[in-house]
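Worksheet for the structure shown next.
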Amino acid sequence: MANLTLSIILAIMASMSTLMLGIGQRSPILPALTLLAVTNSVIFTDKLGWFRLNRFVANLAMLVAAFFSLYGFMEAGSERQLMAIANLLVYVQLVLLFQEKNRRVYGQLAMFSLLQVVVAALLSHGLEFGALLVLYAVVALWGSVLFYIHREVEQVGVVPRTRFGWFAPSRSRRHAARGDDAAAAIEVLEQGQALNRAIVTRRLAAPVSSLVLATLVFAPVFFYIVPRTGGANWQRGMSGQRLVGFSPEVSLKEMGQLLQNDQRVMRVSFSNARSGEPYTVIGHPYLRGGILALYSSTDHRWQQGLGSSQPPRTLNSPPDARDLVRQDVLLEPAGNRLLFSLYPAYAISDTPHDLRIDANTHHLLRSAASDRELNAEYRYSIVTTAFRFGAQLPVLPHPEKLVTATDRQEFELAKQWLRHIDHPEAFPQLIALADSIVQERAPQGNNYDRARALEAHFLNTEMYRYTLALTEIAPLRRPGVDPIEDFVANHHSGHCEYFASALTLMLRSQGIPARLAIGYRPHEFNFVGNYFVVRQRDAHAWVEAYLEPHEIPQGVLYAEEEHAAGGWLRLDPTPSADENQGRGRVGLFDRASNSLDYARWLWNDYVSRLTEERQKRAILNPLALDRRLPLAGLLDGDFWRVMAEQARSGNWRVLLAYRFNWRAGLAAVLAGAVIWLATRALRALGPRLRRRSRQTRSGPRHAPVVAFYRQLEKTLARQGLRRSASQTQRQFAEAAARHLAASPPHADLAPIPARIVDAFYQVRFGHRLPDATQEAEIRLQLRQLEQGLAN
Amino acid sequence: MRVRVKTRISLEGWYYLAIILFIAGGAALGEVNLLLALTGMLVGPLLFNWRFVQLTLRRVDVSRRLPWRINAGDVFTVAIAARNQRRRLTSWTLVVEDRVARIGGADERRPHQVRLVVPRVDPGQSCTVQYRLQPRQRGRYRFGPVRVSTRFPLGLIRGSFKNPETHFLLVYPPLGHLTTNWVQLVNSRSLGSHNEGRRQGGLDGDYYGLREWRDGDSQRWIHWRTSAKLGELAVRQFEQQRNNDLTLLLDLWQPETPSQPDLDTTELAISFAATVVTSLCKRGGSRLTLGIVGAPPRQWNGPATAMLAEEILDHLALAGPTSAVTPQQALNHFPTLGSADTATVVISTRSDPFANPVAAPQYESQSGGRPFPPGRFQWIDCRGDELQQYFFPPQKPAEAFGERRA
């Protein structure tokens, strides 16, 4: 027997679960198809009953859907196989939607919907899925309650007296409204839709809301206290995202329009390493990812150049600097081992064990990462001394101390490489320009002064123009001329790689060791979560020029880092569009956007990619008050191991004292006392509140009894008969009787309203409650009226 | 009464649990956090359901209302009231399962089971649900025990308690209608003749008023004082008393291996007897002597009152046939039945032995030495058409619900 409300709720559930699948599949086709199907099925199958698939056709259609999906299942890749399963679930659900609804079909629809959510949980892990999951839970719980009521109402009646129990044919197991045999005949009076309507009222919202609330409270608690065994590996492997656009090489051959790519690369937050407070960064930090030392003028490409003969090493411990700033980086799936950081970088206890630093290029990387791990997000924490009073220092110390003569020789050799220009004859005008600038602006200056002068050439003149539209400069390009030379001498237009490349070569032409640094310079700061959002469009190139120790200006390095190896001056010749971008006035949209992004971060960190380590650090340890709360102890494998050892050795006293925590005990006692007091207070206040509530209502004792009169009004209202404000109930009954008597099919129903109104007057004004026989009679009359009017 | 609520997982709950285990297994093996969150979302409602059914049934009791006595074939309403004695928390969808069984019937061990749903019982309130019952056979019916359960709100966990209280209802034989032949039969002065009824007492009945003199009135009826006052003759009026006393013998003989017609005949005889007793006692003013030859045999003698009728019907509701008694023994069972001038009717499930005049003399009372006067004795064989002269059997009960529906 179909129940329209239940059908609608199951249709909504089906739509939502398919939408979740659609998010996972990144395809709107199935959700759109399902939405269309559920709308049609509710209208044409459930409400109007115009179209219904019989069971044979439905089974045939499901078989066809299974074969169709099997084709997709044979394709390689677990994600594709999952999608094939998802498709099958949707197809079967579509078939079910157009079947006549009964208990079986309702149950199957709910089951398939839930399975779709399960598959969707494997395919997607975004915040959108989470929000939909919560909404789905609310709808599904409502639907489940209605489905339960539907089942319960269906079973009202006389239980058939079969000898075979569950082995009896299903038809004979069904409960009948009437039971009949030689000894007695039984008929149940209240059943079917009328009973359903008596249960499904507005008041049902209270227990269902409690159910929803309890579920939404319980689920997070369950989620966070269940111990993890790993690191959310499924999400790592199934992300399917790769960081595109960043390359450890720079090529200047590309022409055409470069698109602004908004894809998120990472989130970086800075905090005071000692206090844990967020660290306010002034300006936009330079997150270096790689260093390019060799420029090939033949293929116009920057490469690392300096081959690494030594294996990568672990990071050093930080010096005792005042502004020791912690960097927490959440790197999206990158597909390579390169990591980004502000330098100098130092290790702390939270730094991943697989994080290394290249001995020659001095950039961070992941050691021994498998393909699966490289395609997963990566999180690392390191500290840096790159800031002073919030500003990033312009000079970073050379990471090696050059203690031995061999070290110094090797470094000298490296510096030679960094002064080298491949085919200097290819850059006549560039070199000449550099010479003239230095002669003009820093004739007596050291390398620092000269470097700054060359940088200023790009920043302070209006000769150069920053552009991503390389198509505009294509007609101006001179064939056969190096792009950097052409940029400096001819068209003066380009993006950061042109500017940085030109400055690097100019510095080298002046004998200053220089290298091209590549990485990101984020402009988007999320003030809600206090982190920088780094996107592909923030990719940047700048220059690092080597300064001898004596050339480094006073005070730009911490004393602990000032040593004989000198430092690297960061030079950024690219004219910036707006230094304050992302830090300006915050509008409503920005707030919403920031909040959403922060919510996404939280979702990723604490739900979809919650790892064992993060769970212990962020959830269990704070709850456990330094892991000594018995609850956390119970969840800890070490605890049980120690317990077992102690038990084997018979040391029971130690067991009893193990991890007992007075603070935890006191907190538990206090919490218990508060809960007990609150319960007592509620119990004490409850009757008073109820009494007050009763006083505001009129005749609560009569309310359930006169419900039969309201049902009469409701029944007559369906026929367009409504009591006007000026009519008494009796007048209304008389009017209704006249109306019914006038229409031949309903003429025999005419006396019923008057009879019910008589009973109503007896209750309402005579204060005489009907006895059981009268009640039965009233119900019978109402039912006759309803059935008569329905026919 | 404090009841113990039993909680167990329902069939749907087992399915649900299997799904939870499936998803939790997937979450653990694949380290899928979202599946774990989904598991939490599924476990929560299960626990809520478990707790809610316990709370819902706490301090809930049920009571049943039954009529005192009814006749087979009558339709009556069984009302079961569920009362929520808690101060808070409404009880939702209480499933009340009542059992109805006819004691001694073939299906006593497998009683009728009626499932009713109480939609909602607010705190401190009660709600009544009803079903209609039409017992088709006389006898004692047992109602209960009632099992109250709920699976609200999701149907995953079932909490239940049993109210062990049982009620019994005595169902009288079904009543038919007596024909005018029967009335004539009983009112005739002596069965088998058509004499005028003889008046009771020394005078001509009980005095109840005065009227004017009419020709033919006896001089003994004149009320002289009133006549003197009025100046014309006034006579006393008397209520004429007929002798409506009845001696009834219900012979419930049945073969040792009865066929269905034999069983039907027995029920018909009992129904006839019950109708006669009910009719006589409702009218009153006579004496009834009844003997039942059956299991167990029983005899009554007294004024036809409602109390006597109830006593007899109580017995008739449970009376069973016997196969060990001959017609002679049947008559001899009750030597003191009636008086010499009382009409005697035998309602029997076998033929009339007095139909054979040769055999008739042997049916004399051995103890009293007084034979039944042939003229005041009527044997009604319920197997034959003779019964139809005196009795319209009750309407077939099976049609009762159907008729109302039509």
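Just a few scattered comments:
- Peptide B:44-53 has a mean of 5 when you count, residue by residue, the C-beta atoms of other protein chains within 10 Å of its C-beta.
- Residues with amide H under 5 Å from that of residue B:210, placed H, sequence gap 5 or more: B:237
- A simple spin-label model places the labels of residue A:201 and residue A:441 8.5 nm from each other, with each point 7 Å out along Cα-to-Cβ.
- Loop sites in the range A:25-123: chymotrypsin sites (Phe, Trp or Tyr not before Pro), DSSP, at most 13 other Cβ within 10 Å: A:50, A:51
- Net charge of neighbours whose Cβ lies under 10 Å from the Cβ of residue A:453, counting Lys and Arg as +1 and Asp and Glu as -1: 0
- Of all lysines in the structure, the ones whose alpha carbon falls short of 20 Å from that of residue B:6, not counting any fewer than 8 places away in one chain, are B:162.
- Residues residue A:762 and residue B:259, FRET efficiency given R0 of 41 Å [Cβ-Cβ distance, rounded to 0.05]: 0.15
- Averaged over the residues of peptide A:55-66, the number of Cβ atoms from other protein chains lying within 10 Å of each residue's Cβ is 0.
- Distant-in-sequence amide H partners of residue B:125 (H built 1.01 Å from N, under 5 Å): B:84
- Karplus (6.51, -1.76, 1.60) ³J(HN,Hα), θ = phi - 60°, over the range A:599-607, in Hz, Gly and Pro reported as x: 4, 5, 5, 4, 4, 5, 5, 10, 10
- Chains A and B, summed buried accessible surface - 1.4 Å probe, Å², nearest 100: 6500 Å²
- Under 5 Å from the amide H of residue B:10 lie the amide H atoms of B:157, B:158, each residue being 5 or more positions distant or on a separate chain, with H modelled from the backbone and absent for Pro and chain starts.
- Estimated FRET transfer efficiency when R0 is 35 angstrom, pair residue B:179-residue B:211 (beta carbons, to 0.05): 0.50
- Taking 0.36 nm per residue of separation and subtracting the current Cα-Cα distance, fully stretching the chain between residue A:471 and residue A:193 would add 92.9 nm.
- Phi angles of the range B:150-165 translate, via the Karplus equation with coefficients 6.51, -1.76, 1.60 and θ = phi - 60°, into HN-Hα couplings of 8, 10, 5, x, 10, x, 8, 10, 10, x, 8, 9, 10, 9, x, 5 Hz per residue; Gly and Pro are given as x.
- Within straight-line cross-link reach of residue A:47, lysines at Cα separation under 18 Å, skipping those fewer than 8 residues along the same chain: A:101
- Computed from label points 7 Å out along Cα-Cβ, the spacing between residue A:108 and residue A:642 is 5.6 nm.
- For the range A:480-547, with +1 on Lys and Arg beta carbons and -1 on Asp and Glu, the positive-most of A:499, A:546, A:484 along the dipole: A:546
- Loop-located chymotrypsin sites (Phe, Trp or Tyr not before Pro) in the range B:50-117 (DSSP state other than H, G, I, E, B) with a sparse environment of at most 10 neighbouring Cβ atoms within 10 Å: B:68.
- Between residue A:791 and residue A:47, the modelled labels are 2.8 nm apart [label points 7 Å from Cα along Cα→Cβ].
- Computed from backbone phi, the HN-Hα couplings of the range A:732-740 come to 4, 4, 5, 5, 5, 4, 4, 5, 5 Hz, rounded to whole numbers (Karplus: 6.51 cos²θ - 1.76 cosθ + 1.60, θ = phi - 60°; Gly and Pro given as x).
- Peptide B:116-128, shielding by other chains (average Cβ, 10 Å cutoff): 5
- Estimated FRET transfer efficiency when R0 is 30 angstrom, pair residue A:100-residue A:66 (beta carbons, to 0.05): 0.85
The values are calculated or read from the model by the stated rules, or taken from the named source; none is laboratory data. Everything quoted here is computed from the prediction, not taken from an experiment. Methodologically, a virtual Cβ is constructed for each residue, glycine included, from the backbone with ideal geometry; neighbour enumeration extends over all protein chains shown. The area values use the complete protein model at the heavy-atom level, side chains included, leaving out ligands, DNA and RNA. Shrake-Rupley method; radii C 1.70, N 1.55, O 1.52, S 1.80 Å.
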